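This report refers to the structure that appears directly beneath it.
The values are calculated or read from the model by the stated rules, or taken from the named source; none is laboratory data. Remember, it's a predicted structure, so these values are computed and weren't measured experimentally. Note: ideal-geometry Cβ built from the backbone for every residue, glycine included; neighbour counts use all protein chains shown. The protein model used for the area step is the full one, side chains on, heavy atoms only, and it has no ligands, DNA or RNA in it. Shrake-Rupley method; radii C 1.70, N 1.55, O 1.52, S 1.80 Å.
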Amino acid sequence: VIMTAVTARAAGCPYVILASPKPAPITLAAAHVAGADIVLCVGGAQAIGAMAYGIDAHVDGDGKEVIAAVPPCDVIVGPGNKWVTAAKSIVNGHCGIDMLAGPSEVLVIADDTADAAIVAADLIAQAEHDVVARAILVSTSATLIDAVNAEVESQVNALPEPNASTAKEALGQSFSVLCATMDECIAISDKLAPEHLEIQTVNSQEVADKCLNYGGLFIGTHCAEVLGDYGAGPNHTLPTGGTGRYTGGLSVFNFLRIRTWMRIDDREKCADMVEDSVRMARLEGLEGHARAAEKRRV
């Protein structure tokens, strides 16, 4: 709520609508703090449809408004389940969207100096999100991978339910990769472009500087991905499924447009530009363009 609604407000959006199927009191409080104008108590594809196309006001038999009108939104942002993602793909074009978010994921690059218990905890933290989440370890140390596997088994069994069952299913489709060099670790990470990328190595900043594709980057043992979820400043609505190769996380730019304009008051100073436009138009076979430019000749 905070990372989407506040970002929209910071960009100058005059009207912000939030959708949540069963908002808890803390969700409603966050919506108030973030400055949301309307909270729709609906989720899934229905919420996307309501925000994309708007809702007319409804009145009862006495003419009293019982459901307020919801104006159609120009931009819809934020993560959701597979039905939300499918609906966003349908309305994209009718309105703008931030991205088509897939299952959450974390990739940890670690060497033999990493703490296996911390790496395991970070992998599990991502795995408990969803049964289709992915937690990936890429390391130059077989010893570390074995230690992390042992820690994962111990720590995940200590989780309460349903977190433990969710994490176990997600971990069943997660994996580790043993690399010969740190450069190979970086190459694998760049190819996968993970949503969250943690660097837990002896020279973490040096390794981080070489990484190119990711949603959010967390450098060093002390910089847990969960701190980005809850305590730190960077926006945590991030690209998944490899889309970090060409896009980034949610920011004010998702709510802004680049609009160009021009004005010419001195015809003589733009005479060369007019002649260039005439020539270019005729080279493209657009005679109407050329003649429109010729009308501006001095």
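Taking the listed residues L144, L192, the one that is within 30 Å of N254 (Cα to Cα) and modelled with pLDDT of 95 or more is L192, with no other qualifying.
Among the residues examined, T221 qualifies as of a type in the set (S, T, Y), open to solvent by 50 Å² or more (accessible area, probe 1.4 Å) and closer than 30 Å to D146 by Cβ.
Against the test of being out of contact with any Gly (no Cβ under 9 Å at 6 or more places or on another chain), under 18 Å from E128 (Cβ atoms) and among the acidic types (D, E), the options D190, D229 yield a single qualifying residue, D229. Filter segment 188-213 for residues that are under 21 Å from A120 (Cβ atoms) and open to solvent by 10 Å² or more (accessible area, probe 1.4 Å) and give the result. Once the filter is applied, which keeps residues that are under 21 Å from A120 (Cβ atoms) and open to solvent by 10 Å² or more (accessible area, probe 1.4 Å), segment 188-213 yields I188, L192, E195, T201, V202, S204.
Looking only at residues in segment 123-145 that are assigned to a loop (DSSP other than H, G, I, E, B) and of a type in the set (D, E, K, R), the one that is farthest from D229 (Cα to Cα) is D130. Of the residues A50, A86, the single one that is in a helix (DSSP H, G or I), touching a residue at least 24 places away in the same chain (Cβ under 8 Å), surrounded by 15 or more Cβ atoms within 10 Å (Cβ to Cβ) and hydrophobic (A, V, I, L, M, F, W, C) is A50. Among the residues of segment 106-122, some residue qualifies, meaning at least one is of a type in the set (D, E) and in a helix (DSSP H, G or I).
Determine whether A69 is surrounded by 11 or more Cβ atoms within 10 Å (Cβ to Cβ), hydrophobic (A, V, I, L, M, F, W, C) and modelled with pLDDT under 95. Yes, satisfied. Residue check: is I264 among the β-branched types (V, I, T) and within 30 Å of G80 (Cβ to Cβ)? No, not satisfied. Considering segment 1-33, the residues that are of a type in the set (A, V, I, L, M, F, W, C) and in a loop (DSSP other than H, G, I, E, B) include one that is most open to solvent (accessible area, probe 1.4 Å), namely V1.
Can you name every residue in segment 146-178 that is assigned to a loop (DSSP other than H, G, I, E, B) and either surrounded by 18 or more Cβ atoms within 10 Å (Cβ to Cβ) or in contact with a Leu (Cβ under 8 Å, 6 or more places away or on another chain) (or both)? Break it down into steps so the answer makes sense when it comes.
Filtering segment 146-178 down to residues assigned to a loop (DSSP other than H, G, I, E, B) leaves 158-162, 172-174.
Matches in segment 146-178: S174 only.
One residue stands out in segment 73-83 among those that are open to solvent by 50 Å² or more (accessible area, probe 1.4 Å) and either closer than 10 Å to G102 by Cα or free of Cβ contacts under 8 Å to residues at least 12 places away in the same chain (or both): the one that is nearest to the chain's Cα centre (by Cα), namely P79.
Taking the numbered list (1) of a type in the set (S, T, N, Q); (2) open to solvent by 70 Å² or more (accessible area, probe 1.4 Å); (3) in contact with a Ser or Thr (Cβ under 8 Å, 6 or more places away or on another chain) in turn, T240 passes all entries but (2).
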